[in-house]
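Some notes on the structure that comes next.
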Amino acid sequence: MMLQLQIFLVCLIFIVLVCIFRFIKKKHLSMKYGIFWLLLLCLLLIPVLFPQMVEVISEFLGFEVSSNMVFLFAFVFLFYVIFVLYINVSKLVDQNKILTQELSLLKAKIEREDRK
């Protein structure tokens, strides 16, 4: 990997890191997800600083081209993120249904008390 590309990627990771900290500070991103993205950035920094390691790992795992391994790991990671988000959306849908039911019961109770 060329030195200019490494410097660019390190700067890009640093900029994203600063953005994540700002989002956490402004409460636009929860600490739970912020830590996840911070760990991901730290993991991304390792192959940027040590590009030979990617080639060694891809050769060990049997990939002919190291970019194939990178694409596979990216695909698996994106699949994982989608799965986690799907779980969270399912929980939110259930909570929304429960809140709607509770609100309806409270409205019915208030209407009955107003009639008395």
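Just give me the residues in the stretch 1-17 being part of a helix (DSSP H, G or I), surrounded by fewer than 11 Cβ atoms within 10 Å (Cβ to Cβ), modelled with pLDDT under 95 and of a type in the set (A, V, I, L, M, F, W, C), in sequence order.
So in the stretch 1-17, the residues part of a helix (DSSP H, G or I) come out as 3-17.
After this cut, where a residue has to be surrounded by fewer than 11 Cβ atoms within 10 Å (Cβ to Cβ) as well, the list is 3-4, 11, 15.
Subset that is modelled with pLDDT under 95: 3-4.
L3 - this is the single residue of the stretch 1-17 that is part of a helix (DSSP H, G or I), surrounded by fewer than 11 Cβ atoms within 10 Å (Cβ to Cβ), modelled with pLDDT under 95 and of a type in the set (A, V, I, L, M, F, W, C).
Whether any residue in the stretch 94-106 is within 22 Å of L3 (Cα to Cα) and assigned to a helix (DSSP H, G or I) is what I want to check.
no
Please tell me if I20 is within 30 Å of M2 (Cα to Cα), part of a helix (DSSP H, G or I) and touching a residue at least 12 places away in the same chain (Cβ under 8 Å). Lay out the reasoning, then the answer.
Numbers: within 30 Å of M2 (Cα to Cα): yes; part of a helix (DSSP H, G or I): yes; touching a residue at least 12 places away in the same chain (Cβ under 8 Å): yes.
The answer is yes for I20.
Look through the stretch 61-93, keep the residues that are of a type in the set (G, A, S) and assigned to a helix (DSSP H, G or I), and return whichever of them is nearest to the chain's Cα centre (by Cα).
Residues of the stretch 61-93 that are of a type in the set (G, A, S), as a first pass: 62, 66-67, 74, 90.
Those left that are additionally assigned to a helix (DSSP H, G or I): 66-67, 74, 90.
On the way: S66: 24, S67: 22, A74: 12, S90: 17 Å.
The qualifying residue nearest to the chain's Cα centre (by Cα) is A74.
Can you pull out the residues in the stretch 26-60 that are outside any helix (DSSP H, G or I) and more than 14 Å from the chain's Cα centre (by Cα)? Outline the logic, then answer.
So the first thing to find is which residues in the stretch 26-60 are outside any helix (DSSP H, G or I), and the list is 26-30, 50.
Correct list: K26, K27, F50.
The values are calculated or read from the model by the stated rules, or taken from the named source; none is laboratory data. Keep in mind that this is a model prediction, so the values were computed, not measured. We place every Cβ from the backbone using ideal geometry, glycine too, and count neighbours over all the protein chains shown.
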